[in-house]
Amino acid sequence: MSHIVELLEKLGSDATLRHGSAEELAQAVAKAQIDAAVGAAIIARSTTTLHTLLRQEPLFHVQMAPLGEESENYDFIPKEGAVPGRELK
Amino acid sequence: MSTPPSTGSLACVGIGITLGSHISPLARSYIEQADVVFAGVADGVVELWLQRMHPDVRSLQPLYAHGKERGQTYREMVDVMLAEVRAGKRVCGVFYGHPGVFAQAPHKAIEQARLEGFPARMEPGISSEDCLYADVGIDPGTRGCQHYEATQFMMYRRNIDPSAWLILWQIGLAGDLTTRRFATGSAYREVLLDVLARDYPLDHEVIVYRAAALPIESPRIERMPLSQLPQADLTMSDTLAIPPARRMEIDQEVRARLAQLDESLPTV
Ligand SMILES: C[S@@+](CC[C@H](N)C(=O)[O-])C[C@H]1O[C@@H](n2cnc3c(N)ncnc32)[C@H](O)[C@@H]1O
């Protein structure tokens with residue numbers, strides 16, 4: 001597993017690989033010591049297959065509810081040194 | 001490198017959108033120096049990546065549930081992070097994108113920690129907004145740019161400016177007043193369409209955008225007429241970008257005043 005994540009980190013952080021050609025990607029995969037099926041998913045750029053192989057479910061990532069006039073910080077505009085919440089009675 | 005003894009502190013940092021590409025050196029350092037790390041990220045593989053940076057990464061995922069009010073989930077996120085701060089730990093909350101952009105828990109947790117006298121800070125990350133500008137080639141400065149959470153945008157009458165960009169976040173959940181769902185459907189987007197039709201022609205081209213979470217992906221940049229929005233396939237990761245539909249209105253009066261000032265001032 002750690003080799004897979006290491007490879008993905010490299011693909012994300014290397015200027016040649018991030019937007020590289022299919023061959024460059026295939027070479028990077030060949031160099032990494034990873035399972036052939038996972039390597040094939042990466043070469044195919046298939047997130048769905050990769051998630052299945054790594055047993056990753058989709059994650060919830062909604063981080064906000066629509067805030068209305070009833071919300072606690074509705075009137076808060078940060079001022080110098082102010083802490084949100086302290087402004088309100 | 002040795003780190004000072006903990007007395008309870010909180011840092012909320014952004015890990016960016018794309019795995020490997022966006023994390024800042026400072027965010028990584030906060031993660032590595034923390035006693036405990038909480039993870040609010042958008043992809044399981046990103047969570048695996050984070051686990052390689054710290055031995056105690058606790059996912060905030062179990063706090064979410066279908067049918068549970070999201071406000072409750074966010075309060076619980078604050079509670080679990082604050083409990084460790086109060087226990088004297090150096091806590092790092094890691095959130096995807098920018099921790100303070102369309103994200104309630106990080107702001108609230110920092111506020112609460114400060115109220116209780118603990119040092120707390122937020123460090124910015126690369127947001128999906130930043131990726132939008134780069135991938136689609138938008139400069140918010142050319143025509144101005146308005147950002148709204150899609151449901152809030154529907155709940156209130158806003159004075160939007162159709163001569164600037166309009167960006168709607170959480171478009172996949174547009175119209176969910178229950179805050180217990182993670183997707184709404186075409187019927188809800190029909191309502192949104194009616195709201196937008198007050199200011200935009202139905203054939204106006206809009207852009208559904210999704211930045212790459214993994215470095216093997218390409219961004220989604222799908223253009224469609226506004227009228228197609230209800231039928232679009234949208235997820236909780238998508239953002240809607242609406243290009244300007246009108247020319248900017250010239251303010252002759254202000255221009256004349258400025259010109260007069262220029263004339264009355266000595267030339268430099
Ligand atoms: C709760 S907000 C969190 C945003 C996050 N803090 C950031 O900095 O991008 C979730 C919304 O952000 C936008 N978003 C999240 N991930 C995205 C992605 N990969 N591409 C485009 N927009 C995204 C969508 O509008 C989504 O509904």
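Of the residues B:D176, B:D199, B:D161, the one with the largest accessible area comes first in the ranking B:D161, B:D199, B:D176, computed with a 1.4 Å probe on protein heavy atoms.
Per-residue shielding of A:38-48, expressed as the average number of other chain Cβ atoms within 10 Å of the residue Cβ, stands at 2.
Compute a Gaussian network model of chain B, connecting alpha carbons closer than 10 Å, and tell me which residue from B:G175, B:G71, B:G141 fluctuates the most. In this elastic network of chain B, the residue with the biggest mean-square fluctuation among B:G175, B:G71, B:G141 is B:G141.
Bridges between two residues of region B:114-268, per DSSP, are antiparallel at a rate of about 70%. Normalised by residue count, chain A yields a Cα convex hull volume of 188 Å³ per residue.
With r defined as the distance between the Cβ atoms of B:S218 and B:E263 and R0 fixed at 45 Å, what FRET efficiency is calculated, to the nearest 0.05? Please list the in-between numbers first.
Numbers: r = 54 Å, r/R0 = 1.19.
The computed FRET efficiency comes out at 0.25.
The packing ranking of peptides B:256-262, B:96-102, B:31-37, B:59-65, highest mean first, is B:96-102, B:31-37, B:59-65, B:256-262, where packing means the average number of other beta carbon atoms within 10 angstrom of each residue. Counts of other chain beta carbons within 10 angstrom of each beta carbon in peptide B:113-121 average 1.
Can you say what percent of the DSSP beta bridges in chain B, counting only those with both residues inside, are antiparallel? Round to 5. Bridges in chain B are about 35 percent antiparallel. Counting Cβ atoms of other protein chains within 10 Å of each residue's Cβ and taking the mean over peptide B:207-219 gives 4. Measuring only protein heavy atoms, the 1.4 Å probe finds A:K79 accessible over about 130 Å².
Figure legend: label point modelled 7 angstrom from the Cα of B:K68 along Cα→Cβ; residues of region B:29-49 with amide N under 15 Å from it are B:39-41.
For the protein assembly as shown, the mean residue ellipticity at 222 nm estimated from helices alone is -10000 deg cm²/dmol, where every DSSP H run of n ≥ 4 contributes -39500 (n - 2.57) and the total is divided by all residues, rounded to the nearest 500. Across region B:56-147, the relative contact order, built from alpha-carbon pairs under 8 Å that are at least six residues apart, equals 21 percent. One way to sum up the overall shape of the protein assembly as shown is the equivalent ellipsoid from its Cα gyration tensor, whose semi-axes run 35, 28, 23 Å, largest first.
Among A:67-73, B:224-230, sorting by the average number of other beta carbon atoms lying within 10 angstrom of each residue, highest first, gives B:224-230, A:67-73.
Could you give the DSSP H helices of chain B that reach 15 angstrom or more along their long axis (alpha carbon positions) and whose average Kyte-Doolittle hydropathy is no lower than -0.5? Can you show the working numbers first?
On the way: long enough: B:70-86 (24 Å, -0.46); B:104-115 (17 Å, -0.83); B:186-197 (16 Å, 0.82); B:252-264 (18 Å, -0.92).
Taking the DSSP H segments of chain B (at least 15 Å long, mean hydropathy at least -0.5), we get B:70-86, B:186-197.
Considering only protein heavy atoms, what per residue accessible area in square angstrom results for chain B with a 1.4 angstrom probe?
Details: 12600 Å² over 268 residues.
With all protein chains present, chain B gives 47 Å² per residue.
DSSP bridge analysis restricted to region B:9-123 gives an antiparallel fraction near 5%, rounded to the nearest 5.
Annotation note: chymotrypsin sites (Phe, Trp or Tyr not before Pro) in region B:135-177 located in DSSP loop regions with a Cβ neighbour count of at most 12 within 10 Å are B:Y156. Applying 1/(1 + (r/R0)^6) with r as the Cβ-Cβ distance of B:T142 and B:D79 and R0 = 45 angstrom yields a FRET efficiency of 0.55.
Taking chain B, how much of its Cα-Cα pair set, in percent, is spaced more than 25 angstrom apart?
Everything past 25 Å amounts to 53 percent.
What's the magnitude of the charge dipole for chain B around its Cα centre, counting Lys and Arg as +1 and Asp and Glu as -1 at the beta-carbon? Answer in Debye, nearest 20. Display every interim value, and only then the final one.
On the way: 26 positive and 33 negative charges, 122 e Å.
In total the dipole reaches around 580 debye.
When Lys and Arg each count +1 and Asp and Glu each count -1, what net charge do the other residues less than 13 Å away from B:E263, Cβ to Cβ, add up to? Each step should come with its number before you reach the end.
On the way: positive: B:R255, B:R257; negative: B:D262.
Once all neighbours under 13 Å are counted, the net charge is +1.
The values are calculated or read from the model by the stated rules, or taken from the named source; none is laboratory data. It should be emphasised that the depicted structure is a prediction, and the values quoted were computed from it without experimental measurement. FYI the Cβ positions are ideal-geometry reconstructions off the backbone, even for glycines, and counts take in every protein chain you see. For the accessible areas, the whole protein counts, side chains as well, though only heavy atoms, and no ligand, DNA or RNA atoms are used. Shrake-Rupley method; radii C 1.70, N 1.55, O 1.52, S 1.80 Å.
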